[in-house]
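Peer 1: Handing you this structure, nothing more for now.
Coordinate-derived values only; no laboratory data. Treat the numbers as computed from the prediction; the structure is a model and nothing was measured. Note that each Cβ is placed from the backbone with ideal geometry, even for glycine, and that neighbours are counted across all protein chains shown.
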Number of protein chains: 2
Amino acid sequence: MKKAQPPTADRPLVPAVELLACPLLVTMGVLGKKWTLLILRDIALLKINRFNQIRRSLPGLTSRVLVMRLHELEACGLIEAVVVKESPRVVGWVLTEKGKDTIPILMSIIAFGIKWYADEIFEDHRPRTMSELYPGSGCP
Amino acid sequence: MKKAQPPTADRPLVPAVELLACPLLVTMGVLGKKWTLLILRDIALLKINRFNQIRRSLPGLTSRVLVMRLHELEACGLIEAVVVKESPRVVGWVLTEKGKDTIPILMSIIAFGIKWYADEIFEDHRPRTMSELYPGSGCP
DNA sequence: CCGCATCCAAAATGATACTG
DNA sequence: CAGTATCATTTTGGATGCGG
């Protein structure tokens, strides 16, 4: 019987099932482009879901790239457009079920950031944990 | 007294402490470039830690970009070079403590991939959970 | 104002060859 | 084996404009 391995042991993490492709490689093909995860942050966590609101929330992101990313995310089934008003057309972007499953990814990145980049993030420069930063939000 | 919010409620996730910068934005500045997370996958999970091994494991990644990424990761304190042999110089790349803290990020991305891209990843096209794929590895 | 297209410049990445 | 050097290609940034 095999012993369980601690995650950082000095040997590779071997899957129990053969992989045709690397899950990380495949997923990064979808989420790995510049701005993608930050746009998802807006929609998923900040509830900023309109075109120009997203653009304003992310200095440096241009209309051109934002249109591309939104349509890529839509094509991948992570977000969908909800028509708020016709003529002039105004749409709000919301997460699909698949899109909601990216939230743990966003959270794990935030958890890393507040631990290691506290200096840039918090006025008191003190690292924090997710449950400190978001108490009562269901974090572990 | 405030009620705890489910993570996907229709309102923004508000931090308990004011943020000078967005943790996601800051972290993506380090991890957000093309190939970075895949290189970390090699070092952190597959224990592929030598220059040409990494390059061979990631078709499309060139020497040029790999050198840049390794030195960026080193400069950010995520990895460090262990000299295996001098002249010709051979180094192995290993995670620092900070680098080890990116493993949950890698894992959350893998978890997303094996759920939503099972078609490309598994021969039987069946989505899986982390504990199915890596039983006895300490996954929830 | 809103979502988005167009044009051009700049930056990032890819291909190939080469070096100690 | 671990990188450099050079050049081609792709991706992104910045400005502007346009129909609704």
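Peer 1: Can I get the semi-axes of the protein assembly as shown's equivalent ellipsoid? Compute them from the C-alpha gyration tensor as square roots of 5 times the eigenvalues, in angstrom, largest first.
Peer 2: Rounded to whole Å, the semi-axes are 32, 22, 21.
Peer 1: Something else now. In nm, what does the list of distances from A:VAL94 to its counterparts in the other copies look like, shortest first, when each label sits 7 Å along Cα to Cβ?
Peer 2: So the distances to the same position in the other copies read 5.1 nm.
Peer 1: If we count every other residue with Cβ under 10 angstrom of B:VAL26's Cβ, Lys/Arg +1 and Asp/Glu -1, where does the sum land?
Peer 2: Summing Lys/Arg as +1 and Asp/Glu as -1 gives -2.
Peer 1: On average, how many beta carbons from a partner chain sit within 10 Å of the beta carbon of a residue in A:124-133?
Peer 2: Taking the mean over all residues of the peptide, I get 2.
Peer 1: May I pose another question? Which is farthest toward the positive dipole end of chain A among A:MET130, A:GLY77, A:PRO23, measuring Cα position about the Cα centre, with Cβ charges +1 (Lys, Arg) and -1 (Asp, Glu)?
Peer 2: Ranked along the dipole, the leading option is A:GLY77.
Peer 1: Please name which of B:SER63, B:VAL94, B:LEU37 has its Cα lying farthest along the dipole of the stretch B:35-95 towards the positive end, using unit charges on Cβ (Lys, Arg +1; Asp, Glu -1) and the Cα centre as origin.
Peer 2: B:SER63
Peer 1: Give the chain A residue with the shortest beta-carbon distance to the rotation axis relating chain A to chain B, plus that distance as a whole number of Å.
Peer 2: A:SER108, 2
Peer 1: Along Cα→Cβ at 7 Å, what distances in nm separate the A:ASN52 label point from those on the other copies, shortest first?
Peer 2: Once sorted, the set of distances for A:ASN52 reads 5.7 nm.
Peer 1: Using the 7 Å Cα-to-Cβ label point, sort the distances from A:VAL17 to its equivalents in the other copies shortest first and give them in nm to one decimal.
Peer 2: 4.1
Peer 1: Could you derive backbone 3J(HN,Hα) for the stretch B:38-49 from the dihedral phi with the Karplus parameters 6.51, -1.76 and 1.60 (θ = phi - 60°), listing whole Hz in sequence and x where the residue is Gly or Pro?
Peer 2: Once θ is set to phi - 60°, the couplings for the stretch B:38-49 become 6, 5, 5, 4, 4, 6, 7, 10, 8, 6, 9, 10 Hz.
Peer 1: Quick one: which residues, 5+ away or cross-chain, put their amide H under 5 Å from the amide H of A:VAL90? H built at 1.01 Å from N.
Peer 2: A:VAL84, A:LYS85
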